[in-house]
Amino acid sequence: MKTVAFAVVGVRNFAQSHIRTIKKLEEEGIGRLQAVVVRDQEGRQDGSAQLLQELGEQGVVLFDSYEQLLQEGQGLVDLITLPVAVHTHYDLAKQGMEAGYSLVLEKPPVPTVQQVDDLICLEQQTGQFCSVGFQMIHSPSLRKLKEEVCAGRLGELKEITCRGYWPRDRAYYSRNGWAGRAVVDGMLVLDGPIHNALAHYLNNMIFMSGPALDTSADLRWIRAELYRSRPFITSDDTSCLEAETTAGTRLYFYVTHSPRSQFDPVMEVVGTKGTATWNYEGECEIETQDGTERFDNGGVDPWFEVMRVSAKVRRGELARPYSTLANSRSFVVAINGAYDSARYIRPIPQEFVESTLSGPKECAVVKDIDELLDQACAHRKLLSDLGVPWAVSTPRIDLQDYKEFSPFSQPRTFVELGG
């Protein structure tokens, strides 16, 4: 069966992870790195010059632009991966499918629900597929847990919680022109923990509460609070939200990039017949009246599975990707609804924030935020419900029949959102 030829757009930052992962596919004989797109190949000063030389020596085709790849890649490239800036996802995915290519689009898929709906229609019109890089959906332990949920082992799902506290330093926000931004060049980015670094875990909850193995839940409403502790960013870095699916499952999500200590994400699934916990390492524990079962990923790398599954779909061995535009739609709706609920990304007064270290490693720490989010999660509350002095209560947003996110037409402005 044919080896799938991949092209990667870019050679910096996360593009290098795509390149390494695809090179591993060559060991299985189901995929190979055929091409990369890189502008300004001569005289590069960003540390990628050696990588470009190595790729050229390996026979990898180097294209100067995405447009050149689309024009000259026909018959040469089977799948294009897009580890690119969030605000470019929609245009590049649209152009790629219109040119006749299937795609691996990095998460988050696109900033607005109308964009994801356009791309879903385009998939149908072109016959191409667009796999979304929510790698945790490819985790064997998460998929096994979803199978158990669908089989009714936990009974009716009542609620799912997740919390994760990942510190991020100044260098993180300096790595590109859109990090920590709500808007770039008039285009939405919404780069914060709920929409980027910890987006997988919000998506996991929505996916876990879906009615079938590869479907996600539809949402009834959402309420969210978005805050920023850093004056030099324009998006959120500390956020919490609650939502309800149309089946009645409550979802609670608590994240920050300004904690005292790192706490890797943990998801708790509560049903009428039992509970389950699943963590960042892919370790899962199910507790029911019949006893306790534990399992993990068995050494499988979910990041590798994103490419592997996509290659298998292209080869006709699987009907569809695990993570699709369709089952990512509710995630996009949740993000859009969260912004509609919060209305503003509210600055945390600096008397509640301290800095640790200095220079590129400088981190912001919100006073007591680890304990506050722990408490909010334990009581299924948002920060304003706890009476936190800098927190502001927000309204629920109805998400049924939610089809458009248009923040620029709202009475608020993105200057107030930080753009």
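Each residue in the stretch 87-118 was checked for being under 20 Å from V37 (Cβ atoms), in contact with a Lys or Arg (Cβ under 8 Å, 6 or more places away or on another chain) and assigned to a helix (DSSP H, G or I), and 0 of them qualify. Restricted to the stretch 151-180, and to residues there that are hydrophobic (A, V, I, L, M, F, W, C) and under 17 Å from the mean Cα position of the chain (by Cα), the residue that is surrounded by the fewest Cβ atoms within 10 Å (Cβ to Cβ) is W166.
Looking only at the stretch 181-190, residues that are crowded, with 19+ Cβ neighbours inside 10 Å and either more than 18 Å from the chain's Cα centre (by Cα) or under 20 Å from L373 (Cβ atoms) (or both) come to 1 in all. Does any residue of the stretch 222-234 turn out to be in a loop (DSSP other than H, G, I, E, B) and under 18 Å from the mean Cα position of the chain (by Cα)? No. Evaluated against (1) touching a strand residue (DSSP E or B) at 6+ places or on another chain (Cβ under 8 Å); (2) in contact (Cβ under 8 Å) with a residue 60 or more places away in the chain; (3) aromatic (F, W, Y), F63 falls short on exactly one condition, (2). For E67, the conditions (1) within 26 Å of Q115 (Cβ to Cβ); (2) surrounded by 18 or more Cβ atoms within 10 Å (Cβ to Cβ) are fulfilled apart from (2). Those strands (runs of 3 or more DSSP E) of the stretch 249-296 in which at least 3 residues are among the β-branched types (V, I, T), considering only elements entirely within it, cover 263-271. Against the conditions (1) loosely packed, with under 15 Cβ neighbours inside 10 Å; (2) under 30 Å from I19 (Cα atoms); (3) not hydroxyl-bearing (S, T, Y), G359 satisfies every one except (2). Regarding the stretch 348-356, can at least one residue be identified that is of a type in the set (F, W, Y), surrounded by 14 or more Cβ atoms within 10 Å (Cβ to Cβ), in the same structural domain as T246 (by TED's automatic domain parsing) and in a loop (DSSP other than H, G, I, E, B)? No: zero hits. Of the residues L55, L70, the single one that is at pLDDT 95 or above and closer than 26 Å to K312 by Cα is L70. Scanning the stretch 20-44 for residues that are under 26 Å from G316 (Cβ atoms) and in contact with a helix residue (DSSP H, G or I) (Cβ under 8 Å, 6 or more places away or on another chain) turns up T21, I22, K24, L25, E28, I30, G31, R32, L33, A35, V36.
The residue list V392, V415 contains one member that is closer than 22 Å to L190 by Cα, outside any loop (DSSP other than H, G, I, E, B) and either in contact with a strand residue (DSSP E or B) (Cβ under 8 Å, 6 or more places away or on another chain) or modelled with pLDDT under 95 (or both), which is V415.
The values are calculated or read from the model by the stated rules, or taken from the named source; none is laboratory data. From a predicted model like this one, the values you see are computed outputs, not experimental measurements. All Cβ positions, glycine included, derive from the backbone under ideal geometry; neighbour counts span all protein chains shown.
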